[in-house]
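Participant: Structure in structure tokens, see below.
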Amino acid sequence: MEKLKTITSSAVPLPIEDVDTDQIIPARFLKAVTRDGFGENLFRDWRYNNNDVEIQDFVLNNPTYHGSILVAGKNFGCGSSREHATWALYDYGFRVVISSFFADIFRGNAMNNGLLPLQVSQEELDQILMAIEKDPETSIYVNLEEQVWNVEGKDIQGTFHIDGYKKMCLLNGYDDIDYLLSLKDEIKTFEKNQVVY
Amino acid sequence: MGKTLFDKVWDAHVVKSIEGGRDVIYIDRHLIHEVTSPQAFNGLRKRGLQIAHLDKITATADHNVPTINQHLPIAEPMSQKQVSALINNCKEFGVELYGLGHENQGIVHVIGPELGITKPGLTMVCGDSHTSTHGAFGNIAFGIGTSQVEQVMATQCLILDRPKTMRITIDGLLDPGVGAKDIILYIISKLTAAGGTGYFIEYAGSTIQALSMEERMTICNMSIEMGARGGLIAPDDKTYSYMEGRPHVPKGEEWKDAIRYWNNLVSDTDAVFDQEYSYKAENIGPMVTYGTNPGMGIKVDELIPQEGSSPSFDKSLQYMGFSEGQSLVGHEIQNVFIGSCTNSRIEDLRKVAAYIQGKQKAENVKVYIVPGSQKVRNQAMEEGLDVIFAEAGFQLREPGCSACLGMNEDKIPAGEYCVSTSNRNFEGRQGPGARTILASPLMAAAAAIEGKIVDVRSTLN
Ligand code: SF4
């Protein structure tokens, strides 16, 4: 997993609520057996019509908006547990998703892959979206170490929550599996004492 | 202070609490399938790791399999490759596989309970969000991502933050024609698609207790549609009699010990939940969804709400071809899908068969009945349900996820409506442009016969 410390980037606005993982990556693109290449089909059915022609008014097809930060409406990533959704966002080039609310499994999957789910208040989200609408080149700064973010050149800023363990993993690029493997003895002891039917 | 059922099971599985508030949780049972496991096997291979406990992992092929001619090689090359990868991975790592053609094959959440792998008091995971289904037996069961699939394979553990607890109590008697699917769609319509996020939900009350095990599974199955990590119901005599004699269930003295242990798995009377809701069964009617998330549901005799113009709400109605204030009753449909881990068990099929016996499907409607497992399919055929289905023009297919997620060729054509007993009405879920209306098996059967949405109560005598 790649380390994530700070990011400064313009952002892509997607002010839609309840964006589910079937939209992020439709099921028919889950047939691959590796983790690569999912970015191509990110938001497939919003990006392309039935004849694979780009849908012009979808934001990813609008060159005005670009950058490694996605700003989305509340309850982002609901639905299926498919980690392919995270791989697709990451493969496309996103490193941070900002929303006022994330679905649980998505949040976990994101952090296991070096993608930061940054939760802000609804008011902050509206301010960020407004700033991007006014100026698509608006740059957002995110500092994971200090758990702060701001919209550069504007008085829009805030802090965000992340638990200490996950923060350490993201900053250092560690997977949970490394830590779990180090607990071999404790797990063995647990198994010995467990009553299970 | 007393403990909730959830707390009891969770606390019994904490290997270690770590700084920053997370717990290392031991996982008792792991179910895998072809779509979310190949990258995990690759990860093990890359790190030179083995599967920690082969007796705790079970594999099946369900998401991406055809539902006709399963004895033939899979025609679609990518699907074929993915299913072969599962076969090869299971062989290489020694995992028990119930693949195509095996008598135990089926949707992972149908076969777990069927084989007695699902039991009270366990922690269970699968790379699929509807793992919450298993909670009907009083265990902690939840969906995980592929990285976590790899972690459980390698270590039998996960690092998790402890969810909050919620209890939803339903008391009273349901009207005829109203069932478990209506209860859960009603709850989700009240709490919204995000209302359960961060929680594990215990379902309780006299209405829940009166449900059969299969109906309880329907309820727990859709917990994720409120964003909850999972749902669970305290085990009782119904749970035990459902389980008794199934292959993976303890026998003899051990069975008695197990029941003694499982009988403690109830929320103490003084246990405090982080959140509580209660509803009356009498207020629940046959439900239908009108939008593109499962929270957008109404009783069939209600009108689509007038929400004012939120862009997301408008987008949703536009996709569905509906408008605010509209009634769905009488709306023509072209497809009916009876299947998925929500409603593809034998009781579901029996209910549908009993309703359609002697009737004919409407000409304009295509009906898929996709059983949850080989065992369900065989049982249906033993009981002669296949004959009833055939006479009504319903096609009984072979087991798999099918049109629930539209990964194989069972897709609903763009723009067409499908009354579906599955769990998700997301845009394009059943195929690009498909318009899904979630409902109970009875409501789906009634729609198939009438060719349009009807209030099933008006057709019962
Ligand atoms: S039937 Fe549908 S919801 Fe259930 S496991 Fe299969 S794809 Fe998931």
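Participant: Residues that are among the aromatic types (Phe, Trp, Tyr) and more than 21 Å from the chain's Cα centre (by Cα): does the stretch B:2-9 have at least one?
Facilitator: We begin by selecting, within the stretch B:2-9, every residue among the aromatic types (Phe, Trp, Tyr); these are B:6.
Next cut, more than 21 Å from the chain's Cα centre (by Cα) only: none.
No, the conditions are met nowhere in the stretch B:2-9.
Participant: Counting just the residues of the stretch B:25-39 that are touching a strand residue (DSSP E or B) at 6+ places or on another chain (Cβ under 7 Å) and charged (D, E, K, R), which one comes out nearest to the ligand (Cβ to nearest atom)?
Facilitator: B:Arg29
Participant: Only one residue in B:Leu100, B:Leu160 is within 13 Å of chain A (Cβ to nearest Cβ) and not in a helix (DSSP H, G or I). Which one? Talk me through it step by step, then tell me what you get.
Facilitator: Details: B:Leu100 fails: within 13 Å of chain A (Cβ to nearest Cβ).
Exactly one of B:Leu100, B:Leu160 is within 13 Å of chain A (Cβ to nearest Cβ) and not in a helix (DSSP H, G or I), namely B:Leu160.
Participant: Is it the case that A:Lys184 is surrounded by 19 or more Cβ atoms within 10 Å (Cβ to Cβ), at the interface with chain B (Cβ under 10 Å from one of its Cβ atoms) and touching a helix residue (DSSP H, G or I) at 6+ places or on another chain (Cβ under 9 Å)? Don't jump to the end; show me each part of the working.
Facilitator: On the way: surrounded by 19 or more Cβ atoms within 10 Å (Cβ to Cβ): no; at the interface with chain B (Cβ under 10 Å from one of its Cβ atoms): yes; touching a helix residue (DSSP H, G or I) at 6+ places or on another chain (Cβ under 9 Å): yes.
So A:Lys184 fails the test.
Participant: OK, next. Please give the strands (runs of 3 or more DSSP E) falling wholly within the stretch A:81-169 in which 3 or more residues are over 23 Å from B:Ala194 (Cα atoms).
Facilitator: Details: elements: A:96-99, A:116-119, A:139-143, A:148-151, A:156-159.
Filter on the stretch A:81-169 gives A:139-143, A:148-151, A:156-159.
Participant: Mind listing just one residue for me: the one in the stretch B:401-448 that is within 13 Å of chain A (Cβ to nearest Cβ) and part of a helix (DSSP H, G or I) and, of those, farthest from B:His109 (Cα to Cα)?
Facilitator: Across the stretch B:401-448, the extreme among qualifying residues is B:Ala403.
Participant: For the stretch A:154-169, what are the residues that are facing chain B (nearest Cβ under 8 Å) and without any contact (Cβ under 8 Å) to a residue 12 or more places away in the chain?
Facilitator: Within the stretch A:154-169, the subset facing chain B (nearest Cβ under 8 Å) is A:163-168.
If the condition is that a residue be facing chain B (nearest Cβ under 8 Å) and without any contact (Cβ under 8 Å) to a residue 12 or more places away in the chain, then A:Asp163, A:Gly164, A:Tyr165, A:Met168 are the ones that fit.
Participant: If you don't mind, another one. Before we move on, is B:Ile74 hydrophobic (A, V, I, L, M, F, W, C) and touching a Pro at 6+ places or on another chain (Cβ under 7 Å)?
Facilitator: Values: hydrophobic (A, V, I, L, M, F, W, C): yes; touching a Pro at 6+ places or on another chain (Cβ under 7 Å): yes.
In short, yes.
Participant: Let me ask you something else. Could you tell me whether the stretch B:265-275 includes any residue that is under 23 Å from B:Asn423 (Cβ atoms) and in contact with a strand residue (DSSP E or B) (Cβ under 8 Å, 6 or more places away or on another chain)? Show your work before the answer.
Facilitator: Initial filter on the stretch B:265-275 (under 23 Å from B:Asn423 (Cβ atoms)): B:275.
Add one more test, that the residue is in contact with a strand residue (DSSP E or B) (Cβ under 8 Å, 6 or more places away or on another chain), and what stays is B:275.
Yes; the residues of the stretch B:265-275 include at least one that is under 23 Å from B:Asn423 (Cβ atoms) and in contact with a strand residue (DSSP E or B) (Cβ under 8 Å, 6 or more places away or on another chain).
Participant: Follow-up. Among the residues of the stretch B:51-63, are any among the polar types (S, T, N, Q), touching a Phe, Trp or Tyr at 6+ places or on another chain (Cβ under 9 Å) and under 24 Å from B:Val266 (Cα atoms)? Outline the logic, then answer.
Facilitator: Restricting attention to the stretch B:51-63, the residues satisfying the condition of being among the polar types (S, T, N, Q) are B:58, B:60.
Keeping just the survivors that are touching a Phe, Trp or Tyr at 6+ places or on another chain (Cβ under 9 Å) gives B:58, B:60.
Applying the additional criterion that residues be under 24 Å from B:Val266 (Cα atoms) yields none.
Checking the stretch B:51-63: not a single residue is among the polar types (S, T, N, Q), touching a Phe, Trp or Tyr at 6+ places or on another chain (Cβ under 9 Å) and under 24 Å from B:Val266 (Cα atoms).
Participant: Scan the stretch A:15-42 residue by residue and report those that are away from chain B (no Cβ under 11 Å), of a type in the set (A, V, I, L, M) and not in a loop (DSSP other than H, G, I, E, B).
Facilitator: none
Participant: If I ask for residues that are surrounded by 22 or more Cβ atoms within 10 Å (Cβ to Cβ) and among the charged types (D, E, K, R), which ones from the stretch B:371-392 would you list?
Facilitator: Scanning the stretch B:371-392 gives a single hit, B:Arg377.
Participant: Suppose we filter A:Asp36, A:Asp57, A:Asp45, A:Asp20 for residues that are open to solvent by less than 40 Å² (accessible area, probe 1.4 Å) and acidic (Asp, Glu); which single one remains?
Facilitator: Working: A:Asp36 fails: open to solvent by less than 40 Å² (accessible area, probe 1.4 Å); A:Asp57 fails: open to solvent by less than 40 Å² (accessible area, probe 1.4 Å); A:Asp45 fails: open to solvent by less than 40 Å² (accessible area, probe 1.4 Å).
Exactly one residue qualifies, and that residue is A:Asp20.
Participant: Being away from the ligand (no atom under 16 Å from the Cβ) and open to solvent by 10 Å² or more (accessible area, probe 1.4 Å) is the requirement here; does B:Asp348 meet it?
Facilitator: Working: away from the ligand (no atom under 16 Å from the Cβ): no; open to solvent by 10 Å² or more (accessible area, probe 1.4 Å): yes.
No; evaluated as a whole, the condition is false for this residue.
Participant: Residues being within 18 Å of B:Pro113 (Cβ to Cβ) and either in contact with a Phe, Trp or Tyr (Cβ under 8 Å, 6 or more places away or on another chain) or open to solvent by 20 Å² or more (accessible area, probe 1.4 Å) (or both): count how many of those fall in the stretch B:308-345.
Facilitator: Let us first name the residues in the stretch B:308-345 that are within 18 Å of B:Pro113 (Cβ to Cβ), namely B:339-345.
If we keep only those that are either in contact with a Phe, Trp or Tyr (Cβ under 8 Å, 6 or more places away or on another chain) or open to solvent by 20 Å² or more (accessible area, probe 1.4 Å) (or both) too, we end up with B:339.
Result for the stretch B:308-345: 1.
Participant: Let me ask you something else. Mind listing whichever residues of the stretch B:212-225 are away from the ligand (no atom under 15 Å from the Cβ) and either outside any helix (DSSP H, G or I) or within 13 Å of another protein chain (Cβ to nearest Cβ) (or both)? Break it down into steps so the answer makes sense when it comes.
Facilitator: Within the stretch B:212-225, the first condition is being away from the ligand (no atom under 15 Å from the Cβ), and the residues that meet it are B:212-213, B:215-216.
Scanning the stretch B:212-225 gives a single hit, B:Ser212.
The values are calculated or read from the model by the stated rules, or taken from the named source; none is laboratory data. Note that the structure is a prediction, hence the values are computed from the model and not measured. Cβ: placed from backbone, ideal geometry, glycine included. Neighbour counts: every protein chain shown. For accessibility, only protein heavy atoms count, side chains too; no ligands or nucleic acids. Shrake-Rupley method; radii C 1.70, N 1.55, O 1.52, S 1.80 Å.
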